[in-house]
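Trainee: Sharing a structure below in structure tokens format, with a few things to ask.
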Amino acid sequence: MPSFEKCLVTGGAGFIGSNLADELIRSGREVRIVDNFSTGFRENLEEIDGSFDFVEGDLNDETVLSKAVEGIEAIFHQAALPSVPRSVEDPVGTHEACASATLRLLTKAKDAGVRRFVYAASSSAYGDQPVLPKVETMAPDPLSPYAAAKLMGEHYCSVFYRIYGLETVSLRYFNVFGPRQNPSSMYSGVISRFIDALMKGGAPVIFGDGEQSRDFTYIANVVNANIRAAEIADGFGETYNAANGERTTLNQLLEVLKRITDRADAAADHQPPRKGDVLHSQADNSKAVEVLGYKNLVGLEEGLRNTIEWWKNSRFADDVR
Ligand SMILES: NC(=O)c1ccc[n+]([C@@H]2O[C@H](COP(=O)([O-])OP(=O)(O)OC[C@H]3O[C@@H](n4cnc5c(N)ncnc54)[C@H](O)[C@@H]3O)[C@@H](O)[C@H]2O)c1
């Protein structure tokens, strides 16, 4: 018998939210999704296997919030405008979607008697501190409006536990990748952009020399961390690194992808580094392993192969079919 039945996934038309909704439905939960399609897609909802309620609208809209939260036991808050460059261009828009929406949702959740609130936090909170791996006890140092707004959400989660007893858990994702990640814009995650470029015979764009590194985490691992976070019996009001604890440079990543896609010929298109991007990122995941039972269920290469298989049958492959 699951410890929670009725759950809300915000941002469920997005990459992580739609994969999470899939797993929640598969495990027998009743799922409601709320999304305003600012960066999400109807196609992602259509790919979800099973039935769910859907509320279309913005989390900053009171009517939408009321409909979304009614009768819910656990909230998985994935909605955000998840992009550093976008936040540099539009800091206010990012603040509204990341920080204000989180505060409004927390307030509504508390008032409606929701028990558990799992928040998609971001490793961007660590900034560019030279110490690796990044551990939760390090002082945050956000470098972009996106990082600042996401960190604000974490602080509100912590305060809502301390003041109101809402059982919040913040999961700091490092670079998550997998099926349904949108490869089609400069705001997209690097793995989805690399795969799209390689599969279309193009040159993957690298901002900088490619020696920057990331802790790439396959979607199934993050989905599992979310479900564990909704089931734990204590450890609320706290933040956990949800990542594999490994580090791969973009140049290394590209070599693996070139091998898997048979594109040994492909050369990177190097562009100037982007403002606000951090150089290196790697998680110390021991707190998540200990408290959440975090597991590296799917490693980098297997995850990349799964993502490429999905891409081949996705709408993004249409123009090469
Ligand atoms: N993908 C990563 O590597 C990564 C890393 C760190 C943190 N995160 C966090 O994980 C979460 C999910 O990211 P993703 O990669 O799935 O992004 P995504 O863009 O695919 O999904 C975000 C979803 O939220 C929806 N949304 C945005 N603002 C909304 C609002 N005001 N009201 C209703 N819906 C709204 C969008 O339409 C979209 O469907 C985000 O909170 C992001 O900050 C992601």
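The values are calculated or read from the model by the stated rules, or taken from the named source; none is laboratory data. Bear in mind the structure is a predicted one, so any value in this text is a computation, not a measurement. In this analysis, Cβ positions are derived from the backbone assuming ideal geometry, glycine residues included, and neighbour counts consider all displayed protein chains.
Trainee: I'm told ALA149 meets every condition in (1) under 19 Å from THR217 (Cα atoms); (2) buried (at least 17 other Cβ atoms within 10 Å of the Cβ) except one. Can you identify the failing condition by its number?
Mentor: Unmet condition: (1).
Trainee: Looking at the structure I just gave you, is PHE41 over 23 Å from ALA220 (Cβ atoms) and aromatic (Phe, Trp, Tyr)?
Mentor: Judged against the criteria, PHE41 is not a match.
Trainee: Here is a list of conditions, (1) in a helix (DSSP H, G or I); (2) within 13 Å of the ligand (Cβ to nearest atom), and VAL34 meets all of them except one; can you say which number that is?
Mentor: Exception for VAL34: condition (1).
Trainee: Another question, then. Give the stretch 219-236 a look and list any residue that's on the phi < 0 side of the Ramachandran plot, of a type outside the set (Lys, Arg) and out of contact with any Ser or Thr (no Cβ under 8 Å at 6 or more places or on another chain), or say none.
Mentor: Result: ILE219, ALA220, ASN221, VAL222, VAL223, ASN224, ALA225, ASN226, ALA229, ILE232, ALA233, ASP234.
Trainee: Pairs please, first residue from the stretch 75-99 and closer than 14 Å to GLY11 by Cα, second anywhere and within 10 Å of the ligand (Cβ to nearest atom) and of a type in the set (Val, Ile, Thr), Cβ atoms under 6 Å, 6+ apart in sequence or on different chains.
Mentor: PHE76/VAL9; HIS77/THR10; GLN78/THR10; GLN78/ILE16; ALA79/THR10; LEU81/THR94
Trainee: Would you be able to tell me the number of residues in the stretch 174-228 that are small (Gly, Ala, Ser), buried (at least 18 other Cβ atoms within 10 Å of the Cβ) and over 19 Å from ALA266 (Cβ atoms)?
Mentor: 4
Trainee: Scan the stretch 260-277 and give yes if some residue there is of a type in the set (Ser, Thr, Tyr) and assigned by TED's automatic domain parsing to the domain that holds GLN129, otherwise no.
Mentor: no
Trainee: Scan the stretch 65-82 for residues that are closer than 22 Å to SER158 by Cβ, assigned to a helix (DSSP H, G or I) and more than 12 Å from the ligand (Cβ to nearest atom) and jot them down.
Mentor: VAL69
Trainee: Looking only at helices (runs of 4 or more DSSP H) that fall completely inside the stretch 83-165, which ones have 3 or more residues that are within 21 Å of MET186 (Cα to Cα), within 16 Å of the ligand (Cβ to nearest atom) and more than 18 Å from the chain's Cα centre (by Cα)?
Mentor: Answer list for the stretch 83-165: 91-95.
Trainee: Restricting attention to the stretch 10-43, report how many residues are closer than 17 Å to ALA80 by Cα, in contact with a Ser or Thr (Cβ under 9 Å, 6 or more places away or on another chain) and either of a type in the set (Asp, Glu) or surrounded by fewer than 24 Cβ atoms within 10 Å (Cβ to Cβ) (or both).
Mentor: 4
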